[in-house]
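Accompanying notes for the structure given below.
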Amino acid sequence: MSAKPIVFQKISDMRRAVAQWRAAGETVALIPTMGALHAGHVSLLEASRGKARRAIVSIFVNPTQFAPDEDFSAYPRRLEADLARLAEAGCDGCFAPDASEMYPAGFSTKVIPGGPALAGLEDRFRTDHFAGVAQVVAKLLNQAQADCAFFGEKDFQQLAVIRRMAADLDIPTKIFGVPTMREADGLAMSSRNAYLSPEERARAATLSRVLRASAEKIAAGAPVGEVMAQGAREIEAAGFALDYFEARHAESLAPAASRADGAIRLLVAARLGRTRLIDNWAVK
Ligand code: AMP
């Protein structure tokens, strides 16, 4: 399939197209992204195909989810290449608003997520990050009025925050999570992988290797605490500065000490040079 997406810069233009599609009896999916699209983003688009007739990918590098010392200005922006990728994948619309369309003068409403946003994972290292994410995703869901929206399990805590927020605010768009797409060596695809030097890139797959091995050991009955301590040592030995490597309840994100507590998800965040990577793995 190859269809060039219609590019919407204005909320009103996107809404008009969505209203027309829905009036024709067609369902619509929204896939929010920050651009620099890779195969992981395309997998969200593909996942939408079974659920909705039309797909809109939004591309907006949201300033409110970056702390002042983070990579907002350095974040890769390549709209033309992204549009070519969407045309190749087949996509009906691309919503690419300016910051002034999203946050016009006088904008002053905050969305403060609780529950999974306070799990003590990303929130411990990125204060206000999920407030920015919840704010922009609430806006995008309201703007698009789509039937369903797709988010990656790659950002596992973010997915939980968005599910909670959509339920709490009675947002009718159905939220779907999509499994993580990986490079051949297991590294989770991410726009931030472009920051890695060749030498760092070669070491980066340690994270997924340790996640997978740890998940397998826990599944085989090894004590969670010991497995996690050993995994943390391996990640640090590979030259990462570890923010966290944790076993959590897959739904509540509460600390999980044993498989008897329910399904477990292992989550990691670690820095390699100046690049911060996150990943997670299910204990099956
Ligand atoms: P981002 O552009 O990084 O904000 O990501 C946009 C969406 O794509 C989010 O829902 C991410 O969780 C998802 N995503 C990012 N990387 C991957 C990946 N490797 N596999 C699947 N989904 C991903």
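Every read-out reported here was derived from the displayed coordinates using simple, explicitly stated rules and does not represent laboratory data. Every value quoted in this text rests on a predicted model; they were computed, and no experiment measured them. Cβ: placed from backbone, ideal geometry, glycine included. Neighbour counts: every protein chain shown.
A few notes on this one:
- Looking at the chain alone, DSSP beta bridges between its own residues are antiparallel in about 50 percent of cases.
- In a DSSP loop and with at most 16 other Cβ atoms within 10 Å, the GluC sites (Glu not before Pro) in region 16-105 are 26, 70.
- Debye-sum result for the chain in log10 I(q)/I(0), which assumes one identical scatterer on each alpha carbon, at q = 0.10, 0.13 Å⁻¹: -0.54, -0.92
- Counting only alpha carbon atoms, the long axis of helix 79-89 and the longest principal axis of the chain meet at about 90°.
- Leading residue at positive end of dipole, the chain (Cβ point charges), from 195, 171, 6: 6
- Here the residues 191, 258, 58, 108, ranked from fewest to most Cβ neighbours within 10 Å of their Cβ, fall in the order 108, 258, 191, 58.
- Note on residue 220 and residue 234: their simple-model spin labels are 1.1 nm apart, each label 7 Å out from Cα toward Cβ.
- Nearest-ten-degree value, helix 156-168 long axis tilted from longest Cα axis of the chain: 50 degrees
- Cα point-scatterer Debye curve for region 74-153, base-10 log of I(q)/I(0) at q = 0.11, 0.23 Å⁻¹: -0.42, -1.29
- Ordering 60, 240 from the fewest to the most neighbouring beta carbons within 10 Å gives 60, 240.
- Computed packing ranks the peptides 109-116, 231-238, 32-39 as 32-39, 231-238, 109-116, most packed first, by mean other Cβ atoms within 10 Å.
- Highest-first packing order for the peptide set 170-176, 183-189 is 183-189, 170-176, based on the mean count of other beta carbon atoms within 10 Å.
- Alpha-carbon centroids, region 33-103 and region 186-248: separation in whole Å: 27 Å
- Stretched out straight at 0.36 nm per residue, the stretch from residue 169 to residue 16 would grow longer than its current Cα-Cα span by 52.7 nm.
- Taking all pairs of distinct alpha-carbon atoms in region 1-148, Kirkwood radius in angstrom: 16.2 Å
- Listed residue (152, 112, 64) projecting farthest to the positive dipole end of the chain, Cβ model: 152
- Helix-only CD estimate at 222 nm, as mean residue ellipticity for the chain, using -39500 (n - 2.57) per DSSP H run (n ≥ 4): -11500 deg cm²/dmol
- Region 131-284: C-alpha gyration tensor shape, a/c 1.5 cut-off, then a/b vs b/c: oblate
- Converting the Cα gyration tensor eigenvalues of region 88-131 into ellipsoid dimensions via √(5λ) gives semi-axes, longest first, of 28, 20, 9 Å.
- Nearest-ten-degree value, helix 224-237 long axis tilted from longest Cα axis of the chain: 80 degrees
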